[in-house]
Amino acid sequence: MITPKGQHRLLAVTALVSAAVSQLLIFLPTRTKGRGHGPLFVLSLIFLCYSAYHWYRFKKTPTNAVFYDIRTRPLPEQIDVSTRAIWVFAIIGPLLSWWTFRNLSALEHGTVPYVQVWAPIGFIYDLLGLWPAALCLPVLFGFGIAALALRIEKAKSALNRPG
């Protein structure tokens, strides 16, 4: 099982390799005229900064650190964490759903030649059309909120149980 220290090391090495690969892409022939290799250089710098951040976090993380597990926390803390997560889902869910619907409807009406969306949503759009793809995220976030509400109710019932 990976530890937080191991996760920081893995992310740092992955970012470092990505920075090296992005520099190797400079040698490939390109079809774009006028942009040069500036975007690849910027991408490489971003990967290097990300790698440096995770090396710093790797050095600061204790060897015996463990990931936060909500199931091992006291019941009032489980309720608080789940309530905050519900608020995050309730705010982020409609925003992402609106953004996805706006992009897909622009594609549907032909005002843009292409859009970039999450691959499963693009697959649903290709397979079933606009509305199933647009309703995919609200359903996903709804299931998340329902699961968190169930966790809260379970913790509350265990908290109110005598003994």
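A few points about this structure:
- Förster radius 25 Å - calculated FRET efficiency between Ile2 and Leu24, Cβ distance, rounded to 0.05: 0.35
- Kirkwood-Stokes translational diffusion coefficient of the chain, alpha-carbon pairs, 20 °C, 1.002 mPa s, µm²/s: 105
- Dividing the summed -39500 (n - 2.57) terms of all DSSP H runs of n ≥ 4 by the residue count of the chain sets its mean residue ellipticity at 222 nm at -25000 deg cm²/dmol.
- With a Förster radius of 41 Å applied to the beta-carbon distance between Leu130 and Lys59, the computed FRET efficiency rounds to 0.25.
- Note on segment 63-138 and segment 1-18: Cα centroid distance 26 Å, given to the nearest whole angstrom.
- Summarising the label geometry, the points placed 7 Å from Cα in the beta-carbon direction at Ser105 and Ser157 lie 4.0 nm from one another.
- Candidates Ile121, Ile86, Ile46: whichever shows maximal mean-square fluctuation once the chain is modelled as a Gaussian network with Cα springs under 10 Å: Ile46
- Set of aspartates and glutamates near Lys156 by C-alpha distance (under 20 Å), chain-local residues within fewer than 8 positions excluded: Asp69, Glu77, Asp80
- Here the calculated FRET efficiency for Val42 and Leu10, from their Cβ-Cβ distance with R0 = 30 Å, stands at 0.80, rounded to the nearest 0.05.
- Between Gly110, Gly122, Gly142, the residue with the greatest mean-square fluctuation in the GNM of the chain (Cα pairs under 10 Å linked by springs) is Gly110.
The numbers here are math on the coordinates, done by the rules we state, and not lab data. Keep in mind that what you see is a predicted model, and the values were worked out from it rather than measured. All Cβ positions, glycine included, derive from the backbone under ideal geometry; neighbour counts span all protein chains shown.
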